[in-house]
Ligand code: ATP
């Protein structure tokens, strides 16, 4: 990496309009005689030569006062987050700038949220997770792009090393164990030996027990949002971190690896599917207990339960060697979630079940009747169950090619009505 510090904020990862915006924010800061910096992941990604998304700015004054002054100068709007003392600046043009007050933190108890006080940029950097995330670049006009690297983050970035800033880092905030997994997997960096020892010590001594389910879940969701979440998820297993979350959560590596390989880097459906792959090889009772621990939302819980239903009721029927009609396949799969269908396909992508699932998702799930419930009512069906079951029968008939046109469907519906002794067969 040969770039001189002064050029960091002109690097290609920043769009020219973002550079202009940062310069304007720097002018506001100078007029107010306060320090202002871009920080953390933004600086890291610029130095890595990657693209930068939303901007994170730290100011050495109240974030609220700064954004109020900045929007008076440059226009746009902002939102305040009083609870965190931060602000989101929306200067227009799509970019978002998170503005925070430089702060110092102390941890009253491991895993608890820290006590926060306004501080300097040095204090703000020393509270960060890893050296590569603990850099800032000034945006003041005379100083624009000056790198503040008090913890040798640039060196670690160059050497591809993930390192905590101090020995108590994982104890202060055990979610950093999970952040380490994510950055380690994303960048393919090594973990500096002391950092790795501290990580295992912390995870092995129950540090994650002090962290709320929501915060753990939040970290898992961030892993799932990676371009390819699989390396991070596998790392959770090799570092025994699922077990640290719940002792029963000890899935077999080989099975998880096979499922994740079958899912591919991205799943078509929802982002939760790779997490479900880690739950497949454990007992349903353990799955529930993991869901409780993670304070999982309704969607994930439902998908986990659906996994159990698929395993107990559908899997064997779907894999049968007997020829299944299109309507039978539809009937077996219609109530299952997308996540479970993705997993079942990943389990054995070349197998008979996977082939049937693909037929269902690509084709059968899109088949609907030409007649509507309203059409059935006009010829004498009664609202509710009767209409519902006739529509189901019509769909089955369409799936199996027994009806093709609207007239065919009408004829079948009238025949059923006649047989059940129902109402008029008019219109
Ligand atoms: P990503 O590319 O995944 O967004 P990021 O580093 O920008 O990575 P954020 O979660 O947005 O991640 O955090 C922004 C910065 O805040 C980090 O770079 C780091 O300096 C700091 N940070 C975030 N979480 C923690 C934490 N738990 N402990 C210490 N510092 C943290």
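Just so it is clear, none of the values below were taken in a lab; they were calculated from the coordinates. Values in this document were obtained by computation on a predicted structure and should not be read as measured data. Please note: Cβ atoms are built from the backbone with ideal geometry, for glycine as well, and neighbour counts cover all protein chains shown.
Which FRET efficiency value, to the nearest 0.05, do you get for residue 313 and residue 240 by plugging their Cβ-Cβ distance into 1/(1 + (r/R0)^6) with R0 = 25 Å? Before the final figure, lay out each step's value.
Details: r = 33 Å, r/R0 = 1.31.
The computed FRET efficiency comes out at 0.15.
Size descriptors for the chain (Cα atoms only): Rg and Dmax, in that order, 28.5, 90 Å.
For the range 250-365, just say rounded, prolate or oblate: build the C-alpha gyration tensor, square-root its eigenvalues into a ≥ b ≥ c, call rounded for a/c under 1.5, and beyond that prolate if a/b exceeds b/c, oblate if not.
prolate
For the pair residue 20 and residue 368, what calculated FRET efficiency results from E = 1/(1 + (r/R0)^6), where r is the Cβ-Cβ distance and R0 = 51 Å, to the nearest 0.05? Intermediate values should be presented prior to the final figure.
On the way: r = 52 Å, r/R0 = 1.02.
Calculated transfer efficiency: 0.45.
Scoring 323-336, 168-181 by mean Cβ neighbours within 10 Å over their residues and listing the highest first yields 168-181, 323-336.
Relative contact order (percent) for the chain, with alpha-carbon contacts under 8 angstrom and 6 or more residues of separation? Don't skip to the answer; put the middle values down first.
On the way: 640 pairs, mean separation 40.6, N = 427.
Relative contact order of the chain: 10 percent.
In degrees between 0 and 90, to the nearest 10, how far off the longest principal axis of the chain does helix 213-224 point, with axes built from Cα atoms? Helix 213-224 sits roughly 80 degrees off the main axis of the chain. Seen against the Cα atoms of the chain and their longest principal axis, helix 253-263 is set at about 70 degrees. Compared with the dominant principal axis of the Cα atoms in the chain, helix 63-74 is inclined by about 90°. FRET efficiency for the residue 51 to residue 285 pair, using the beta carbon distance and R₀ = 41 Å, is estimated at 0.40.
Take the Cα of residue 255, go 7 Å toward its beta carbon, and the backbone nitrogen atoms of the range 225-244 under 19 Å from that spot belong to 233-244. With both labels modelled 7 Å from their Cα along Cα-to-Cβ, the residue 292 to residue 355 distance reads 4.3 nm.
For the peptides 298-310, 76-88, the ranking by packing is 298-310, 76-88, with the highest mean count of neighbouring Cβ atoms within 10 Å listed first. Classify the range 373-419 as rounded, prolate or oblate, taking a ≥ b ≥ c as the square roots of the eigenvalues of its Cα gyration tensor: rounded when a/c is under 1.5, otherwise prolate if a/b is larger than b/c and oblate if not. Taking the square roots of the gyration eigenvalues as a ≥ b ≥ c, the range 373-419 is prolate. Take every pair of alpha-carbon atoms less than 8 Å apart whose residues are at least six positions apart; their mean separation over the length of the range 16-159 yields a relative contact order of 25 percent.
Look at where the Cα atoms of the range 253-303 and of the range 63-129 average out, and the two centres are 35 Å apart.
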